[in-house]
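Comments concern the structure below.
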Amino acid sequence: MAIRQNLSLAALRQNSRAFLNRRYERVLAGEMIRSLGIKTPSDQQPAHLLSGGNQQKVVLGKWLALKPRLLLLDEPTRGVDIGAKQEIYRLMEELAEAGVAILFVSSEMAEIIGMSDRTLVMHQGRIRGELQRSQLTEEAIMKLATGGVPA
Amino acid sequence: MKKILGIFLLLVAVCVATTALNPKFLDAYNVQNTVRWTSLFGIISIGVAFVIISGGIDLSIGSTVGLTGTMLAWLLTVKHFSVPGALLLVFLLSIVIGLSHGLLITKLRLQPFVVTLCGLLIYRGVARYLTNDETLGFGGSYNALRFLSVGHPFSIPFPGGSLLVPMPFAIMLAIAIGAAVLLNMTIYGRYLLALGRNEQAARFSGINTNRITIMAYLICSLLAGLGGVLFALDVNSIQPSGLGEFYELYAIAAAVLGGCSLRGGEGTIVGVLIGAAVMRVLYNAINILGIPTQLEFAIIGLVILGGVIADEIIKRIVAQRRARVGTDR
């Protein structure tokens with residue numbers, strides 16, 4: 001499915017009850033490609049031909065079209081190359097700046113320490129502890145993640 | 001547009017070849033009949049197109065046609081129902097059939113092939129049991145109702161007289177326009193195409209895929225039911241064991257010829273109608289060219305196979321050329 005149609009898929013119902021709003025789709029696709037920096041020759045490009053990182057951005061854009069106040073991201077950078085990772089981090093920061101609350105799940109240490117304001121560490125399906133930004137170190141996280149008690 | 005060009009050329013080629021071999025092909029009467037039967041098959045083909053685009057299949061169409069057609073005749077002539085009452089019951093039955101297919105496929109996760117194959121057996125059996133396998137007919141009555149199928153609401157000028165436009169053509173046209181709008185201009189249509197392309201991705205995009213699927217089977221059975229009514233009114237000699245037999249295969253063939261991929265997510269209404277026209281013109285050609293009718297299936301099969309092979313080869317050549325242009329840049 002072309003990027004333009006893909007980006008509007010989740011938000012279609014917000015805009016009309018039954019009929020497609022083609023002008024909205026075109027404008028939305030242009031906006032998202034620009035603001036997310038999706039690298040594509042046109043918005044008619046099939047989404048499956050994009051690189052992993054750009055596909056991930058399309059998925060993100062699909063939900064951002066709903067103008068959410070809370071965003072849940074599960075491993076937002078898995079299977080994404082390093083350059084695109086940085087862009088996704090930048091986007092997350094911009095969104096947070098704009099007032100969107102972001103709850104994200106990650107198993108990458110560097111990503112957690114770099115991105116989060118508050119971290120809940122889990123071990124065997126249970127929350128083992130909460131770390132504030134100032135307490136975030138690899139050691140503290142590992143300790144909780146392996147079932148230890150916080151220092 | 002590119003996708004239906006091939007099938008459109010096939011239609012033109014078959015028409016030209018048939019006319020060259022027997023000019024009677026273009027007689028007003030013959031054209032009228034071919035248009036009428038193309039329209040009847042077009043209606044059930046549009047129905048199955050929705051299911052095929054969703055990524056499913058409906059094998060029960062022929063038996064649904066048989067059951068609804070038989071039911072109509074049985075309710076009117078044996079049970080002496082009023083016309084609106086009989087029509088209402090027949091359409092309710094089609095809705096129940098479509099809903100059960102959709103619910104079994106989505107809620108119980110049964111395979112569409114299996115569910116509708118069982119439907120094919122069940123509805124045929126019920127039709128034969130209801131009527132004791134006796135042939136039914138409307139005789140000379142119910143002419144107002146039969147107008148729906150055999151009537152000619154208006155005529156258009158035609159070389160060597162005028163061409164009476166068959167009523168089923170008008171019905172088919174209205175349905176085709178409605179279906180094209182639904183498929184291309186509504187959120188439902190977009191969701192259906194997304195579902196057919198990639199069901200998981202569609203679900204992850206917040207689409208209620210079950211509802212979209214159920215709707216597709218509902219549309220298919222409803223149009224098969226309408227087809228059953230019209231076919232019954234048309235033939236006027238309704239054999240419970242024969243009415244609509246193999247029609248599911250004609251409908252599926254028309255849809256596939258017309259560019260619907262059996263993998264789902266692709267198809268146009270115009271393409272499906274051209275596909276239905278190819279099937280009917282071939283059938284007509286076999287008749288008027290004096291080709292032994294025993295060969296009917298073989299010839300239709302061969303032409304469709306040829307069309308599909310040509311389509312595939314053209315697609316590959318186009319893809320290769322595009323890839324070459326891509327690397328040159």
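Which helices (runs of 4 or more DSSP H) sit wholly inside the range B:129-243 and have at least 2 residues that are within 23 Å of the chain's Cα centre (by Cα) and farther than 17 Å from B:ARG36 by Cα?
Values: elements: B:143-150, B:167-185, B:187-197, B:199-204, B:209-235.
Those helices (runs of 4 or more DSSP H) span B:167-185, B:187-197, B:209-235.
Here's the yes/no breakdown for (1) aliphatic (A, V, I, L, M); (2) within 26 Å of B:GLU266 (Cβ to Cβ):
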{"site": "B:PHE41", "(1), (2)": "no, yes"}
{"site": "B:ILE46", "(1), (2)": "yes, yes"}
{"site": "B:GLY55", "(1), (2)": "no, yes"}
{"site": "B:GLY66", "(1), (2)": "no, no"}
{"site": "B:THR70", "(1), (2)": "no, no"}
{"site": "B:PHE91", "(1), (2)": "no, no"}
{"site": "B:THR116", "(1), (2)": "no, yes"}
{"site": "B:GLY119", "(1), (2)": "no, yes"}
{"site": "B:ARG124", "(1), (2)": "no, no"}
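Candidates B:ILE214, B:ILE252, B:ILE219, B:ILE207: the one that is in contact with a helix residue (DSSP H, G or I) (Cβ under 8 Å, 6 or more places away or on another chain), within 13 Å of chain A (Cβ to nearest Cβ) and not basic (Lys, Arg) is B:ILE207. Inspection of the range A:22-37 finds no residue satisfying the criterion of being within 8 Å of chain B (Cβ to nearest Cβ) and open to solvent by 20 Å² or more (accessible area, probe 1.4 Å).
Within the range B:244-268, track down each residue that is assigned to a helix (DSSP H, G or I), hydrophobic (A, V, I, L, M, F, W, C) and either at positive phi or open to solvent by 10 Å² or more (accessible area, probe 1.4 Å) (or both).
Looking only at the range B:244-268, we keep the residues that are assigned to a helix (DSSP H, G or I), and these are B:247-257.
Next cut, hydrophobic (A, V, I, L, M, F, W, C) only: B:249, B:251-257.
Selection gives B:LEU249, B:ILE252, B:ALA253, B:VAL256, B:LEU257.
Results for (1) more than 28 Å from B:ASN184 (Cα to Cα); (2) open to solvent by less than 20 Å² (accessible area, probe 1.4 Å), shown as yes or no for each residue.
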residue: B:GLY6; (1), (2): no, no
residue: B:ASN22; (1), (2): yes, no
residue: B:SER39; (1), (2): no, yes
residue: B:ILE57; (1), (2): no, no
residue: B:VAL65; (1), (2): no, yes
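In the range A:112-131, the residues that are free of Cβ contacts under 8 Å to residues at least 12 places away in the same chain and under 23 Å from A:LEU95 (Cα atoms) form Cβ pairs under 6 Å with partners that are part of a strand (DSSP E or B) and β-branched (Val, Ile, Thr), at six or more places apart or across chains, as follows: A:LEU120/A:ILE127.
Going by what's in this entry, would A:ALA151 be described as farther than 27 Å from A:ASN15 by Cα, part of a helix (DSSP H, G or I) and modelled with pLDDT under 90? When the stated conditions are applied, A:ALA151 does not pass them.
Among the candidates B:ALA276, B:ALA232, which residue alone is in contact with a Leu (Cβ under 7 Å, 6 or more places away or on another chain) and surrounded by 15 or more Cβ atoms within 10 Å (Cβ to Cβ)?
B:ALA232
The values are calculated or read from the model by the stated rules, or taken from the named source; none is laboratory data. If you're wondering where the values come from, they're calculated on a predicted model, not measured in any experiment. Every residue, glycine among them, receives a Cβ derived from its backbone with ideal geometry; neighbour counts consider all protein chains shown. Just the protein is used for accessible areas: all its heavy atoms, side chains included, with ligands, DNA and RNA removed. Shrake-Rupley method; radii C 1.70, N 1.55, O 1.52, S 1.80 Å.
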